[in-house]
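J.: Questions regarding the structure given below will be posed in turn.
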Amino acid sequence: MNTFQPDLIIEVTGACNRACAGCYAPNVVAKDASEVFEKRPELFLKSSALNNALSEITSSVGIAAIRGGEPTLHPEIANLLKNAATHAEHVFLETHGRWLMEENFVPYVELLNAVIDNGIIVKISFDKMHGLKADELQRIVHFLNWHDVDYRIAITEPTLADYMATRSLCSFVKDEKIIYQAKALSADELVKPTIGTINVRGELKATLTHKFNLTQELSVAYA
Ligand code: SF4
């Protein structure tokens, strides 16, 4: 069974347009990302801050995971992916995947081109928490295959039995594309990147940002 161990996590935004129960990320929930960007720019990692943080890292980065919130809400996500790809052997874009459905896709053409041009691997969450339906995932997988984009389907469930149940819903995905992640029930169980985490302020930290160390400022829900 494939697992996932990033060397570096890059948190590009604290905003997300979903509100999954049990999410541990420091999300400001917003349907309109551009409005959040205008009012709360501190929730979005600046390209210059990312470059500064990356230049501090002296060890080689095998796997970098781009994460949010929902990273595709960042208006400069294409540029951030390009920068990350110059510092890491493999870059994974972690996403709930809805932007890859045909009816949502038009605003994301630049992002898809950046994914293709920089060999980014799209990592889509498919489990009870994220609520993506099997037929929706099937359409997304078809779309990615059509565009020759590499991808992984990340199933995060609390038990092996739950994993097996979710896995049975996406039997159209090959085993080599599946990642199993045990759902973290406490801060200690969250994935620990070997190098660290670059947060939205561009600071390199030992651990990722999660609700256990969330500041009051970031926890304000954006209606
Ligand atoms: S899509 Fe991911 S980041 Fe957004 S609310 Fe759900 S679990 Fe959290």
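The values are calculated or read from the model by the stated rules, or taken from the named source; none is laboratory data. Since the structure is predicted, the reported quantities are computational estimates derived from the model, not experimental observations. Using ideal geometry, Cβ is built from the backbone for each residue, glycine included, and neighbour counts are taken over all protein chains shown.
J.: Would you check which residues across segment 106-143 are within 16 Å of the ligand (Cβ to nearest atom), out of contact with any His (no Cβ under 8 Å at 6 or more places or on another chain) and among the β-branched types (Val, Ile, Thr) and list them?
T.: Listed by number, the residues that qualify are 122, 140.
J.: Now a separate question. Between 66, 77, which is within 24 Å of residue 21 (Cβ to Cβ) and of a type in the set (Val, Ile, Thr)?
T.: It is 66.
J.: Kindly list, by first and then second residue, each pair from a residue in segment 59-81 that is at pLDDT 95 or above and among the hydroxyl-bearing types (Ser, Thr, Tyr) to a residue that is within 16 Å of the ligand (Cβ to nearest atom) and part of a strand (DSSP E or B), limited to pairs with Cβ atoms under 6 Å and residues at least 6 apart or on different chains.
T.: As it stands, the answer is 72/95, since those pairs meet every condition given.
J.: Right, another one. Among what's in segment 55-96 and is among the hydroxyl-bearing types (Ser, Thr, Tyr) and assigned to a helix (DSSP H, G or I), pick the residue that is farthest from residue 110 (Cα to Cα). Lay out the reasoning, then the answer.
T.: Step one: of segment 55-96, the residues among the hydroxyl-bearing types (Ser, Thr, Tyr) are 55, 58-60, 72, 86, 95.
Filter again for assigned to a helix (DSSP H, G or I), leaving 55, 72.
On the way: 55: 26, 72: 11 Å.
Within segment 55-96, the match that is farthest from residue 110 (Cα to Cα) is 55.
J.: Ok, one more. Out of 42, 94, 102, which single residue is touching a residue at least 40 places away in the same chain (Cβ under 8 Å), of a type outside the set (A, V, I, L, M) and within 16 Å of the ligand (Cβ to nearest atom)?
T.: On the way: 42 fails: within 16 Å of the ligand (Cβ to nearest atom); 102 fails: within 16 Å of the ligand (Cβ to nearest atom).
Of 42, 94, 102, the one residue that is touching a residue at least 40 places away in the same chain (Cβ under 8 Å), of a type outside the set (A, V, I, L, M) and within 16 Å of the ligand (Cβ to nearest atom) is 94.
J.: Within the set of pairs 6 or more residues apart or between chains, which connect a residue that is of a type outside the set (A, V, I, L, M, F, W, C) inside segment 129-147 to a residue that is assigned to a helix (DSSP H, G or I) and within 16 Å of the ligand (Cβ to nearest atom) with Cβ atoms less than 9 Å apart?
T.: Sorted first by the residue in segment 129-147, then by its partner, the pairs are 136/98; 139/100.
J.: If I go through segment 20-57 residue by residue, how many of them are within 21 Å of residue 157 (Cα to Cα) and either modelled with pLDDT under 90 or basic (Lys, Arg) (or both)?
T.: Total satisfying the criteria: 7.
J.: Please go through segment 72-93 and pick out each residue that is surrounded by fewer than 24 Cβ atoms within 10 Å (Cβ to Cβ) and in contact with a Phe, Trp or Tyr (Cβ under 7 Å, 6 or more places away or on another chain).
T.: 75, the sole residue that qualifies.
J.: Taking segment 1-39 on its own, how many of its residues are of a type in the set (S, T, N, Q), part of a loop (DSSP other than H, G, I, E, B) and away from the ligand (no atom under 16 Å from the Cβ)?
T.: Step one: of segment 1-39, the residues of a type in the set (S, T, N, Q) are 2-3, 5, 13, 17, 27, 34.
Still in the list and also part of a loop (DSSP other than H, G, I, E, B): 2-3, 5, 17, 27.
Retained after the next criterion (residues that are away from the ligand (no atom under 16 Å from the Cβ)): 2-3, 5.
Total meeting the criteria: 3.
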